[in-house]
């Protein structure tokens, strides 16, 4: 059965690869014409656009500016909440590094990842660590974020060991280090529950709240399948999404 699935995947990839190659060839043909045009302009004045300096960008001519709606909105959502809280220090576990860097403009940030990011940046500290064994004592972190991370845990994508309960264990570990009265800002793919091996898991919101049974939900926001951001909405209306991004602001009581 698995062999048949692999065969189907290979066949679909061949089709999509052919279409991609045809599209790329057409775009490269257009770039070649554009290159000769601009090279002729510089050559007329004794200059030249050197062949070795050519850097083709063939997929950026789009009708609108594209974004990753999950990363875009979750960063704004978390930053706004952390700024409003007025905390002096914050811990982030494995989130997008652009978001982490921006956070250093408003608070001291300790970044935890199994693949440490060493930077010379004011108000930034990095520690190597696993989300399944975070380098903090029980109830010692007042402000904590983990955006689009726990869905990957235990699937081997980033070199971590296979663990079918990776997401659940990651939630328990985040809850362990959160201080009483502290705030956790968490995002995760939300919708029809399933495992998309080895990329990520998708959970319904109710399951995440079960994993964090000792925390209280402060607010829930979500990006839907159309990339539209819905702020401060009920959490139980989104179970049929294919790939939404649920954002949970929780506190330990």
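Here, each number is a calculation from the coordinates, and none is a lab measurement. Being a predicted model, the structure only gives us computed values, none of them experimental. Please note: Cβ atoms are built from the backbone with ideal geometry, for glycine as well, and neighbour counts cover all protein chains shown.
Of the peptides 136-149, 190-203, the order by per-residue mean of other Cβ atoms within 10 Å, starting with the highest, comes out as 136-149, 190-203.
With neighbours defined as other Cβ atoms within 10 Å of a residue's Cβ, the residues 105, 125 order from fewest to most as 105, 125.
Of all DSSP beta bridges confined to the chain, the antiparallel ones make up roughly 55%.
Across segment 177-253, C-alpha contacts under 8 Å between residues 6 or more apart give a mean separation that, scaled by the residue count, equals a relative contact order of 44 percent. Could you work out the relative contact order of the chain? I mean the mean sequence separation of Cα pairs under 8 Å and 6+ apart, divided by the number of residues, in percent. That works out to 14 percent. Based on C-alpha pairs under 8 angstrom that are at least 6 apart in sequence, segment 30-173 has a relative contact order of 17 percent. Note on segment 125-185 and segment 31-51: Cα centroid distance 53 Å, given to the nearest whole angstrom. Considering helices alone, the calculated mean residue ellipticity of the chain at 222 nm is -11500 deg cm²/dmol, with DSSP H runs of length four and up weighted by -39500 (n - 2.57) and normalised per residue. Ordering 95, 43, 221, 85 by the number of other Cβ atoms within 10 Å of each residue's own Cβ, fewest first, gives 43, 85, 221, 95. Averaging Cα coordinates gives a centre for segment 66-117 and one for segment 219-241; these two points are 20 Å apart.
Counting only alpha carbon atoms, the long axis of helix 69-85 and the longest principal axis of the chain meet at about 40°. Spin-label model, residue 28/residue 243: points 7 Å from Cα along the beta carbon direction are separated by 2.7 nm.
Once the gyration tensor of the Cα atoms in the chain is diagonalised, the equivalent ellipsoid follows with semi-axes of 40, 25, 18 Å, ordered largest first. Axis angle, to the nearest 10 degrees, between helix 2-43 and the longest C-alpha principal axis of the chain: 50 degrees. For the residues 101, 175, 159, a GNM of the chain with alpha-carbon springs under 10 Å puts the largest fluctuation on 159. For the chain, the longest principal axis of the Cα atoms and the long axis of helix 166-177 meet at an angle of about 50 degrees. Structural size metrics of segment 152-253, computed from C-alpha coordinates, are Rg and Dmax of 13.6, 36 Å.
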